[in-house]
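J.: There's a structure below that I have some questions on.
The values are calculated or read from the model by the stated rules, or taken from the named source; none is laboratory data. Small disclaimer: the values here were computed from a predicted structure and weren't measured. Neighbour counts are summed over all protein chains in view; Cβ atoms, including those assigned to glycine, are modelled from backbone coordinates with ideal geometry. Side chains are part of the model used for accessible areas, which takes the heavy atoms of the whole protein and leaves out ligands, DNA and RNA. Shrake-Rupley method; radii C 1.70, N 1.55, O 1.52, S 1.80 Å.
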Amino acid sequence: MPKNSAVARVGRDAISETLGREIVDGALSPGTVLTLESLQQRFGVSRTVARDSVKVLESHGLLYSKRRVGLVVTGTEHWSVFAPAVIAWRLASRHARTAFIELTQLRIAVETEAVAMAALRRTEDQARRLLDLAASMRRLGETEEVEEFMRADVAFHRLLLAAGANSMFAALAEVVTEVLTGRAQHGLMPTRPMPEALDAHEGVARAIADQDPEAARRQMEILVDEVRSALEQ
């Protein structure tokens, strides 16, 4: 990539990141009008870079172009709330806890069904991998290796969504990743995981390996209850 193109890309990404955070945080409220000229002046960039940066935000529904007016900031109802960038901006905003609760509620609704589908559709390799991850989570949780435990937990839940062979559920992998990592950021993850949660992860993995969808649902309900309890505190 030519040097000038790389510089332009960095400039575009920095502008869309700044504006995205400001919109999600409420510093730029719905109905606020921006123009390419104002963005050129504020960020000291060319019109082309300014235009490219707002295209990113338009693609996420945070802005729309209104003829003879400019670029209008939208409300939450128009945002692509499943876009990884929008999730990250919401979790970094002053509305982070609300966003985290909404994402967790989505996870609760989806994963209870996803494990049942995984029990029916998983491959042998996926079943073995889930059992291995559950065993690793127990070891890492009991030794309080928090960061390694988090990585194993994320891998476990991403694999659950993939194992059901449902493309819609699999597409939520990034959402679940943000939820799980967000628990630690919001002080909702204990240093030492609850024994019941470790047991339930192993129970889910075993039920999926045994191709028992009802047992998988029951074990996931235990995990769901633990997450609900954390949110209610």
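J.: Considering every residue within the range 75-96, establish whether at least one is in contact with a Pro (Cβ under 9 Å, 6 or more places away or on another chain) and in contact (Cβ under 8 Å) with a residue 40 or more places away in the chain.
T.: Step one: filter the range 75-96 for residues in contact with a Pro (Cβ under 9 Å, 6 or more places away or on another chain), giving 75-76, 78.
When the remaining residues are screened for being in contact (Cβ under 8 Å) with a residue 40 or more places away in the chain, the result is 75.
There is at least one residue in the range 75-96 that is in contact with a Pro (Cβ under 9 Å, 6 or more places away or on another chain) and in contact (Cβ under 8 Å) with a residue 40 or more places away in the chain.
J.: All but one of (1) open to solvent by 40 Å² or more (accessible area, probe 1.4 Å); (2) outside the structural domain of Asp210 (by TED's automatic domain parsing); (3) among the small types (Gly, Ala, Ser) hold for Gly70; state the number of the condition that does not hold.
T.: (1)
J.: List the helices (runs of 4 or more DSSP H) inside the range 122-233, counting only whole elements, that have at least 3 residues being open to solvent by 50 Å² or more (accessible area, probe 1.4 Å). First the steps, then the outcome.
T.: Working: elements: 124-142, 146-163, 167-170, 173-185, 195-209, 213-232.
In the range 122-233, the matching helices (runs of 4 or more DSSP H) lie at 124-142, 146-163, 173-185, 195-209, 213-232.
J.: So which residues in the range 27-37 are in contact with a helix residue (DSSP H, G or I) (Cβ under 9 Å, 6 or more places away or on another chain) and not in a loop (DSSP other than H, G, I, E, B)?
T.: Result: Leu34, Leu36, Glu37.
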